[in-house]
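Undergrad: Before I ask anything, let me first share the structure, which is written out below as structure tokens.
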Amino acid sequence: MSVIAYIESNNNRVKKTSLEAAYYAAQTAKLLGTEAIAVALGTHDAAELAALGQLGITKVLHDANARFDSFDSGAVCKAIATLAANSSVVVLSYNQNGKAIAPRVSVRMKAGLIPGATALPETNGDFVVSKNVFSGKAIAHYQIKTDKKVIAITPNSLQIVRGEGSAAVEAVSSGVSDADFVTVIKSEEKASGKIALTEAELVVSAGRGLKGPENWGMIEELANLMGAATACSRPVADVHWRPHEEHVGQTGFTIRPNLYIAVGISGAIQHLAGVNGSKTIVVVNTDPEAPFFKAADYGVVGDAFTVVPKLIESYKKFKASSH
Amino acid sequence: MKILVPVSKVPDTTSKVAFTEGNTKFATDNVTYILNPTDEWYSLVRALEIVEKEGGSVTVIHQGEADSEQFIRKALAIGANDAVRIDAAATDGYNVALNIAEYAKDKGFDLVITGKETIDYNGFQIGGMIAEMLNVPYVSLASSLEVAGGKATVSRDIEGGKEIVEVSLPCVISAQKGMAEQRIPNMKGIMSARTKPLAVVPALTETLTSIKVYDLPAAKTAVKLIDPENMDELINLLHVEAKVI
């Protein structure tokens, strides 16, 4: 009864979120005394799949049917359930696609789902997995009561460790037919060259304190320099200073980067709900009473228009000295 | 066009989160409940807009005990035509999806529109589960939805962007920001909500998961304030102490 990791690639590279799923599956397999097998659907690079061995995957089942390159939650669900028929646990990322797939797989396999796990399971006695609830204000330890289990992990919630090894890649058919693909993709819009916010390890975010959309140049400069994604608060997205795709908070995206730098954001509870899983939070605000300082690790009480340019200069120096 | 909109009630965002009975139960004392924002603002309002244009009806469905009725009436006041209450406290996501699918399976709904998540248990799971149970297409994290000629055209989030997809009706969509703007119920809506039909149906009890215990995240250590003139120090701390750059 192996553990299955569902793997996605983007431009022939396995997504970071899928590397996390592979590592989580391998660690879970170790706890259960079994092996971890990856499932990859559609177009993937064979060497990238074999390299999943470094994360503890022993075998990759690859159905190269190119129809999978156009995402369809029902077809992917059917394929996973077919290939995982003899497995006890399915692990996948709770990224955008995972949020569409995991609930379907849970129903199809009659397997209890943890939608957004943040830690490895406890397997002594009951099978228990923890997940954030109440927008990060609490952690719930869920027991999965079914023999089969689906664990959808929150992106960036565990640090992968690479070892040695290579996985055997085996061509398989997952048994889906053309009729299983019911979603027609008409067009795709991707901001090219930008780092996807929900996958980013570093995020620079700004809010109303910046006074107007014309002042975002320094935020983008800092983000580009650091290799960070940009984000914003709700009021700024609502008045269209910034695109909705950047809005983090309760009604926007929930992110948990390693570093979240918030400039000119007061830190309303709705905003914190989207970012309080960040490992390190830096807050820059003119108001020392801003509630965000209570959630911050590092605070700078000062004017964004003088602090951010200084931060850019300091980061440049740091970068120059560390290379 | 017949549209079903599941709605949930959740603790208000500003509620204190605490637990009782050995941290196994959420402490509901002094908690103010609200309609789940993504249900109220996005899925319900978009369903109403579609019906206003295409004709048809919007049914809201909620799993909860009798004290949930005020939240169902609010959804009716915003404009839903009728409502169903599944007569049991909501347990796990699977159970709620099972009850909604059980109700919906023979009613001929063209669309089921859920909110992307509830703000209490943050599951993002009901929509996908209902779709699989009803064996229909599912599009998650939708920020726009148009319906024409038996098809739904949906803008859906992908990493770093969006894609426009088309699926046939009936289907399930999960709605997020961008889908619609919040509507405040007016006096006429509130008055008419009192007499709109509200059916109560029994619940199936099967669950796949349960919460054993809750705990609270480790308390944040006090913020370390950095001199705004000394950003070298901040960079150094991020590198050496926090180890994030």
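Undergrad: Dividing the convex hull volume of the alpha carbon atoms of region A:2-180 by its residue count, what do you get in Å³ per residue? Don't skip to the end; give the middle numbers.
TA: Values: hull volume 19.0 nm³, N = 179.
In region A:2-180, the Cα convex hull volume per residue is 106 Å³.
Undergrad: Let me ask something additional. Relative contact order of region A:123-254: what whole-number percent is it, with Cα pairs under 8 angstrom and at least 6 residues apart? Mind showing how you got there, number by number?
TA: On the way: 113 pairs, mean separation 20.9, N = 132.
Averaging sequence separation for qualifying contacts and normalising by length gives 16 percent for region A:123-254.
Undergrad: I would also like to ask the following. Dipole size in debye (nearest 20) for the protein assembly as shown around its Cα centre, Lys and Arg Cβ +1, Asp and Glu Cβ -1? Intermediate values should be presented prior to the final figure.
TA: On the way: 55 positive and 63 negative charges, 89 e Å.
Approximately 420 debye in magnitude.
Undergrad: Continuing with this model, one more query. Could you compute how fast region B:89-245 diffuses translationally, taking Rh as the Kirkwood radius over C-alpha pairs and applying Stokes-Einstein at 4 °C with viscosity 1.567 mPa s? Give it in µm² per second.
TA: Working: Rh = 19.9 Å.
Result for D is 65 µm²/s.
Undergrad: So if I take the centroid of the Cα atoms in region B:1-44 and the same for region A:209-256, what is the distance between those two points in Å?
TA: Their Cα centres are 28 Å away from one another.
Undergrad: When the C-alpha atoms of chain A are aligned to their principal axes, what extent does each axis show, in angstrom, from largest down?
TA: Here the Cα extents, ordered largest to smallest, are 59, 43, 41 Å.
Undergrad: Suppose the chain between residue A:320 and residue A:123 were pulled fully straight at 0.36 nm per residue; how much longer would it get relative to their current alpha carbon spacing?
TA: On the way: separation 197, 0.36 × 197 = 70.92 nm, distance 4.68 nm.
Difference between extended and current length: 66.2 nm.
Undergrad: In square nanometres and to one decimal, what's the mean projected area of the convex hull around the Cα atoms of region A:197-323?
TA: Numbers: hull surface 27.8 nm².
Directional mean of the projected Cα hull area for region A:197-323 stands at 7.0 nm².
Undergrad: Can you work out the base-10 log of I(q)/I(0) for region B:104-177 at q = 0.16, 0.22, 0.26 1/Å, using the Debye formula on its C-alpha atoms alone?
TA: After summing over all Cα pairs, the log10 values are -0.54, -0.97, -1.25.
Undergrad: Let me ask something additional. Under the definition of Cα pairs under 8 Å and six or more residues apart, what whole-number percent is the relative contact order of chain B? Could the numbers behind the result be given before it?
TA: Details: 460 pairs, mean separation 60.0, N = 245.
Relative contact order, chain B: 24 percent.
Undergrad: So which of A:99/A:131; A:15/A:148; A:78/A:145; B:105/B:162 end up more than 20 Å apart by C-alpha? Can you show the working numbers first?
TA: Working: A:99/A:131 15 Å; A:15/A:148 25 Å; A:78/A:145 22 Å; B:105/B:162 31 Å.
Distance filter (> 20 Å) returns A:15/A:148; A:78/A:145; B:105/B:162.
Undergrad: Name all residues of region B:5-25 having a backbone nitrogen under 13 Å from the label point set 7 Å from the Cα of residue B:89 along its Cα→Cβ direction, giving them as ranges.
TA: B:20-21, B:24-25, by backbone N distance to the label point.
Undergrad: To continue, here is another question. Using only alpha carbon pairs under 8 Å that are at least six residues apart, calculate the relative contact order of region A:23-92 and give it in whole percent. Write out the running numbers ahead of the final one.
TA: Working: 69 pairs, mean separation 24.0, N = 70.
In percent, rounded to a whole number, it is 34.
Undergrad: Using the crude model of +1 on Lys and Arg Cβ and -1 on Asp and Glu Cβ, and no other charge, please compute the dipole size for region A:2-180 relative to its Cα centre, in debye to 20. If you can, show how the numbers build up before the last one.
TA: Numbers: 17 positive and 15 negative charges, 117 e Å.
Using Cβ point charges on Lys, Arg, Asp and Glu, region A:2-180 gives about 560 debye.
Undergrad: On to the next question. Over all distinct alpha-carbon pairs, what is the Kirkwood Rh of region B:2-216 in angstrom? Spell out each step's value before the answer.
TA: Values: mean 1/r = 0.0569 Å⁻¹.
One over the average 1/r among Cα pairs gives 17.6 Å for region B:2-216.
Undergrad: Projected area of region A:33-105, taken from the Cα convex hull and averaged over every viewing direction, in nm²? Don't skip to the end; give the middle numbers.
TA: Working: hull surface 20.2 nm².
Spelled out: convex hull of the Cα atoms, projected over all directions, averaged, 5.1 nm².
Undergrad: Can you list the aspartates and glutamates whose alpha carbon sits under 14 Å from that of residue B:224, skipping same-chain ones fewer than 8 residues off?
TA: Once the sequence-local aspartates and glutamates are set aside, what remains near residue B:224 is A:297, B:233, B:241.
Undergrad: Let me ask something else about it. Excluding residue B:224 itself, calculate the net charge of residues whose Cβ lies under 9 Å from the Cβ of residue B:224, where each Lys or Arg counts +1 and each Asp or Glu counts -1. Intermediate values should be presented prior to the final figure.
TA: Values: positive: none; negative: A:297, B:241.
That sum, taken over residues with Cβ under 9 Å, equals -2.
Undergrad: Next question, about the same structure. Anyone know which of B:224, B:25, B:16 comes out most mobile in the 10 Å Cα GNM of chain B?
TA: B:224
Undergrad: Which listed residue (A:267, A:293, A:322) has the Cα farthest towards the positive end of the charge dipole for region A:222-323, taking +1 on Lys and Arg C-beta and -1 on Asp and Glu C-beta about the Cα centre?
TA: After comparing all options, I get A:322.
Undergrad: Here's a follow-up. Convex hull over the Cα atoms of the protein assembly as shown, averaged projected area in nm²? Intermediate results must be reported in sequence, preceding the final value.
TA: Working: hull surface 103.0 nm².
Projected over every direction and averaged, the Cα hull of the protein assembly as shown covers 25.7 nm².
Undergrad: Mean-square fluctuation check for chain B, GNM, Cα pairs under 10 Å: which of B:165, B:96, B:147 is largest?
TA: B:165
Undergrad: Now for a different question. Would you kindly state how much longer the chain becomes between residue B:236 and residue B:210 on full extension, computed as 0.36 nm times their sequence separation minus their alpha carbon distance, in nm to one decimal?
TA: Details: separation 26, 0.36 × 26 = 9.36 nm, distance 4.43 nm.
So the extension gain works out to 4.9 nm.
Undergrad: Evaluate E = 1/(1 + (r/R0)^6) for residue B:52 and residue B:168, where r is the Cβ-Cβ distance and R0 equals 22 Å; express this FRET efficiency to the nearest 0.05. Mind showing how you got there, number by number?
TA: Values: r = 23 Å, r/R0 = 1.03.
It comes to 0.45.
Undergrad: Oh, and also: For chain A, with a Gaussian network of springs between Cα atoms less than 10 Å apart, report the residue from A:85, A:50, A:167 with the top mean-square fluctuation.
TA: Top of the fluctuation ranking is A:85.
Undergrad: Could you give the length gained on full extension between residue A:160 and residue A:224, defined as 0.36 nm per residue of separation minus the Cα-Cα distance, in nm? Present the calculation step by step, with values, prior to reporting the outcome.
TA: Values: separation 64, 0.36 × 64 = 23.04 nm, distance 2.48 nm.
Contour length minus the Cα-Cα distance gives 20.6 nm.
Undergrad: Charges on Cβ only, +1 for Lys and Arg, -1 for Asp and Glu, centred on the Cα centroid of the protein assembly as shown; of A:277, A:169, B:170, which one is farthest towards the dipole's positive end?
TA: Looking along the dipole axis, the top candidate is B:170.
Undergrad: I need the calculated FRET efficiency for the pair residue B:25 and residue A:168, taking r as the beta carbon distance and R₀ as 35 Å, to the nearest 0.05. Could the numbers behind the result be given before it?
TA: Working: r = 48 Å, r/R0 = 1.37.
Using R0 = 35 Å, I get an efficiency of 0.15.
Undergrad: Write down the Kirkwood hydrodynamic radius of region A:80-124, to one decimal in angstroms, obtained as one divided by the mean of 1/r over all alpha carbon pairs. Intermediate values should be presented prior to the final figure.
TA: Numbers: mean 1/r = 0.0886 Å⁻¹.
It is 11.3 Å.
Undergrad: Which loop GluC sites (Glu not before Pro) in region B:13-80, with loop taken from DSSP, have no more than 16 other Cβ atoms within 10 angstrom of their Cβ?
TA: Working: sites: B:21, B:40, B:49, B:52, B:54, B:65, B:69; in loops: B:21, B:65.
The qualifying sites are B:21, B:65.
Undergrad: Let me ask something else about it. Dipole magnitude of region A:197-321 about its Cα centre, charges +1 at Lys/Arg Cβ and -1 at Asp/Glu Cβ only, in debye to the nearest 20? All intermediate terms of the calculation are to be shown ahead of the outcome.
TA: Numbers: 11 positive and 13 negative charges, 46 e Å.
The calculation lands at about 220 debye.
Every number in this text was worked out from the coordinates using simple rules, so none of it is lab data. Model, not experiment: these values are computed from the prediction. Please note: Cβ atoms are built from the backbone with ideal geometry, for glycine as well, and neighbour counts cover all protein chains shown.
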